[in-house]
1. Would you call A:I143 out of contact with any Pro (no Cβ under 6 Å at 6 or more places or on another chain), within 16 Å of A:G25 (Cα to Cα), touching a residue at least 12 places away in the same chain (Cβ under 8 Å) and within 8 Å of chain B (Cβ to nearest Cβ)?
2. For segment A:39-80, how many residues are without any contact (Cβ under 8 Å) to a residue 40 or more places away in the chain and out of contact with any helix residue (DSSP H, G or I) (no Cβ under 9 Å at 6 or more places or on another chain)?
3. Which of the residues spanning segment B:160-187 are surrounded by fewer than 20 Cβ atoms within 10 Å (Cβ to Cβ) and part of a helix (DSSP H, G or I)?
4. Can you pull out the residues in segment B:161-208 that are polar (S, T, N, Q), closer than 27 Å to B:F230 by Cα and under 19 Å from the mean Cα position of the chain (by Cα)?
5. So, in segment A:1-21, how many residues would count as being over 22 Å from B:L164 (Cβ atoms), within 12 Å of chain B (Cβ to nearest Cβ) and in a loop (DSSP other than H, G, I, E, B)?
6. Could you tell me how many of the residues in segment B:15-30 are in contact with a Ser or Thr (Cβ under 9 Å, 6 or more places away or on another chain) and touching a residue at least 40 places away in the same chain (Cβ under 8 Å)?
7. Within segment B:44-66, track down each residue that is within 15 Å of the chain's Cα centre (by Cα) and in a helix (DSSP H, G or I).
Number of protein chains: 2
Amino acid sequence: MTIIPAVSEMQYFAAHARQKLQRIGFVPTMGYLHEGHMSLVRIARKLSDVIVLSSFVNPIQFGPKEDFVKYPRNDARDDRLCEKEGVDVVFRPSVDEMYQGDHSVYVDETKLSAGLCGRFRQGHFRGVATIVTKLFNIVQPHIAVFGGKDAQQARLIEQMVRDLNFSVQIVVAPIVREPDGLAMSSRNAYLGENERNRAAGIYGSLCFANRLFTEGERDAARLAAGIRGFLQANASPLEIEYIEVVDYRTLNPVAIIESNVLVAIAVRIGQTRLIDNIMLTSDGYGVKA
Amino acid sequence: MTIIPAVSEMQYFAAHARQKLQRIGFVPTMGYLHEGHMSLVRIARKLSDVIVLSSFVNPIQFGPKEDFVKYPRNDARDDRLCEKEGVDVVFRPSVDEMYQGDHSVYVDETKLSAGLCGRFRQGHFRGVATIVTKLFNIVQPHIAVFGGKDAQQARLIEQMVRDLNFSVQIVVAPIVREPDGLAMSSRNAYLGENERNRAAGIYGSLCFANRLFTEGERDAARLAAGIRGFLQANASPLEIEYIEVVDYRTLNPVAIIESNVLVAIAVRIGQTRLIDNIMLTSDGYGVKA
């Protein structure tokens, strides 16, 4: 396994792999890897010849009051996990390598990024779209695998690939969960023991909404009220940022569920912001990840 | 010579050329080709194995009151010129092929695009950066050649390539001029005979500024006043949009000329907006294109 810190070296590697007609599979991460990331690597491996995992905590997708500085890092452990999983290249550039002092070009998504997390994280999706564009141009992947927990991000990347004509196939992978249902996230490391126990209620509330749905509930407001009640009963104290029922393609809120929808929530438990989601499909069955 | 209207076919052609290790040279245009465009093709040919010229009048870089609808077109003549000059592929997509109804992703440059033409053409450089990104992803060029008349555009594309890590070498070609000095432009076709004669004064005013500079003038305001006086005496009636002396890298206005500067002007003669520029270099000699 090779660890590459320089953009030019990564581009050289990618160009060389493409000349050999190897398919490049790409897993972009912010490091501090967990089983969720490893599931993305395994998917990428099935679909490609060479696996590149990027590990870069992207400063421009964090707001000024967010957790860029304290975001957890453990490069040595990450490398062991990648080696074990058959990653070929870990691309781990410095911030200076990725952003020049007079950086001035950004990629902006203007519709899908307005709601959900975009409403609470000003500039976040500009940061995401910009870094993913940069990484696509550097890693030159045929396939890129994104985690389904960040559903809005995944949808936005799909749109970006279409609108900017990237020749990259996007795969959105199912959410990987802890035994009690909590979606895996590097930020789970922030949780104290009591907070960690309450956090299981997040997925519990989505399962509750799923049950209401399979029993026939189609009113989005009543589903959201059900989730809210469940969270307050099972995960308090917590701060609910949003509970939304949206069309899975447009990410626009729906009032009555008629086709596939995404039920997405964001909460704060203590200082830690956590997100999760499930899809409810138009055939009348909810989908558990 | 092949004419390709479909994005997917163009991407296939490009991928195939790259597999054969051919270098792809790219000349993006809005069609209605003239000798300026042909000079770009000749530069591209020297540096690459396969030449792709795109011909696409990009609606999103025109303002609502600008000339998108009446922009001149002559595909048959363009094809003859391209054939003669050894272009391998003309990529000529429709607007629908390039922009889906719910297009929502744009590339924004936030510093270099603020002044000069950006101040008078809201959204223009978003349109330019977005279409060039799309074309780079579709044509997959090794080299792309841009005309020096659109100096701000060329500088912005260089910045975009750096900031978004495109593996494309940008070449900015010298301005090609008519015998009387008018910079070649598809929009010159809008000019009536009397307007066309006055338009020669645009380059005349830049030559006048160049003379002041070589004679020792270093005060930007006095140079601009000289240009203004020359235009009023030799190209009236006309409307002066801007006369600017800027650092050629940052495009920020300079008061005293100490290093390389760009002298850029935009005027309207009748209904026609025309731009031109010269570089003044720090060795004390102006550069005539």
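1. Working: out of contact with any Pro (no Cβ under 6 Å at 6 or more places or on another chain): yes; within 16 Å of A:G25 (Cα to Cα): yes; touching a residue at least 12 places away in the same chain (Cβ under 8 Å): yes; within 8 Å of chain B (Cβ to nearest Cβ): no.
Taking the combined requirement at face value, the residue does not satisfy it.
2. 6
3. Hits for segment B:160-187 are B:R162, B:S186, B:R187.
4. Initial filter on segment B:161-208 (polar (S, T, N, Q)): B:165, B:167, B:169, B:185-186, B:188, B:194, B:197, B:205.
Imposing the further condition that a residue be closer than 27 Å to B:F230 by Cα reduces the set to B:185-186, B:188, B:194, B:197, B:205.
Within segment B:161-208, B:S185, B:S186, B:N188 meet the criteria.
5. Of segment A:1-21, the ones over 22 Å from B:L164 (Cβ atoms) are A:1-3, A:19-21.
Cutting the leftovers down to within 12 Å of chain B (Cβ to nearest Cβ) gives us A:19-21.
Now restrict to residues that are in a loop (DSSP other than H, G, I, E, B): A:20-21.
The number of residues fulfilling the criteria is 2.
6. Of all residues in segment B:15-30, those in contact with a Ser or Thr (Cβ under 9 Å, 6 or more places away or on another chain) come to B:15, B:22-30.
From what's left, touching a residue at least 40 places away in the same chain (Cβ under 8 Å): B:15, B:23-28, B:30.
Here the count works out to 8.
7. To start, the set of residues in segment B:44-66 that are within 15 Å of the chain's Cα centre (by Cα) comprises B:53-58, B:61-62.
Within segment B:44-66, B:Q61 is the sole residue that qualifies.
Quick grid of which residues meet (1) part of a strand (DSSP E or B); (2) acidic (D, E); (3) more than 7 Å from chain B (Cβ to nearest Cβ):
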site	(1), (2), (3)
A:G101	no, no, yes
A:Y106	yes, no, no
A:G115	no, no, yes
A:Q122	no, no, yes
A:K149	no, no, yes
A:E158	no, yes, yes
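Only the coordinates and a few stated rules stand behind these numbers; no lab work does. It should be emphasised that the depicted structure is a prediction, and the values quoted were computed from it without experimental measurement. Here the Cβ is made from the backbone with ideal geometry for all residues, glycine too, and neighbour counts use every protein chain on show.
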